[in-house]
Amino acid sequence: DSISRQITVIDNTSVIREIYLNFSPYEIVYDPSNGDLFVTSTNFNGVYIIHNGSISEIHGNSQPYSISYDEKNGEVYIDGLFKGFISAISSKDVIIENISFPYPSYGLAFSSNGYIYATSINGSVFVINNLILKNFHVGKYPKGIVLANDKVYVANYDSSTVSVINLNLSFFHFLMIKAIPDNITFSVEYNGEKFSSINGELSFISTPGNYYLIIENTSLYYTTNTSLEISLGNSNRTVYIYYLKYAFIEGHVNPYNSLIFLNGKKVATTGTFLLELPAGRYNIRIESPGYQNYSINVTLSNGQIYILNTTLKILNTTYLNPEYHITLVDKPSSHKNFIEIWLIILGTSIGIILFLTRNKI
């Protein structure tokens, strides 16, 4: 009882014992070999072990959530609510192994085939045997999980469905999607749901048919194929997604409020810029009032980092010599005025000539 913080022992319909704990219990399993009870509690980093009414604790490195018992080896498996790991507790009540897990897990079930089946917050069921062997997607937010009749039953909390998985997988096949280069975390969309890869792989347990997937780019990689149409027959199939690494143009420009245009399209900047681009040829133009425009063509290859730091030049201004002046006058209003001006000039010239002639005589 998580409210009263107690374990109740019931024989048929009679309560024969109540065991009180310091923290609220969550899940419980029984070890028939020695009569131990293993109880998880999300309120402290450990597991309660109850033997003949005596309580001891095993402390781990995260809040344990779900728990499952391995009858064959007498081991108990617990998962971490907020950290990605699954711990194995031996019959001697010590943690003997921590299996790395990529996401918080909400449910565990141990199978007689030696595999652990774990539900995950990312919508997957993981098949584990010391290492993660496979993962495949089920409904939204898979939580509870049980094994019965050679099948795995998964309760999907958000989609209000139960996924049934045949353990022998005689009818189902794996559709494996891998990224190249390896270990890229990528996402695909299928039937309106988004699924994320783990260690560069994404697996679906599927029946034969046609599947249409939308491929998403990552923060550092992009693909030229944004969709996949896959035909799955009566066998497993592996499909590869080839990713290319983005190129970058980075740097700063002065003045800081200059406008930057990439292939004619304005790019937001505050003087410092970082542009993530697919490989290709680009024109960069930088403008600012009162300054000369700057333009350059750049060809980028995949993964290249191009540094562009520039200071715009101030526009040149031509000033006139103060000894010279240009006066603009209106055009004479009439032909008469124009003749009068020329007569004045002519008369003045004749007078000067006569004056010089007389002085010479």
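No value in this document is a laboratory result; all are computed from the given coordinates. Computed from a predicted model, the values in this text were never measured in an experiment.
Which pairs in the list 140/178; 245/266; 245/313 are over 30 Å apart, alpha-carbon to alpha-carbon? Violating the 30 Å limit, Cα to Cα: 245/313.
What fraction of the DSSP beta bridges in the stretch 246-311 is antiparallel, stated in percent and rounded to the nearest 5?
Details: 20 of 25 bridges.
For the stretch 246-311, the DSSP antiparallel bridge percentage is about 80.
Remark: the stretch 258-274, residue by residue, has Karplus-estimated 3J(HN,Hα) of 5, 8, 10, 10, 10, 6, x, 9, 5, 10, 5, 7, 10, x, 10, 9, 9 Hz, where x stands for each Gly or Pro and the curve is 6.51 cos²θ - 1.76 cosθ + 1.60 at θ = phi - 60°.
Applied to the stretch 210-217, the Karplus parametrisation 6.51 cos²θ - 1.76 cosθ + 1.60 on θ = phi - 60° returns per-residue 3J(HN,Hα) values of 9, 10, 10, 10, 9, 9, 9, 6 Hz, with x for Gly and Pro. Distances between placed amide hydrogens fall under 5 Å for residue 7 paired with 19, 20, 21, all partners being 5 or more residues away or on another chain. Per-residue 3J(HN,Hα) values for the stretch 195-202, derived from phi via the Karplus relation 6.51 cos²θ - 1.76 cosθ + 1.60 with θ = phi - 60°, read 10, 10, 7, 10, 6, x, 9, 9 Hz in sequence order (x marks Gly and Pro).
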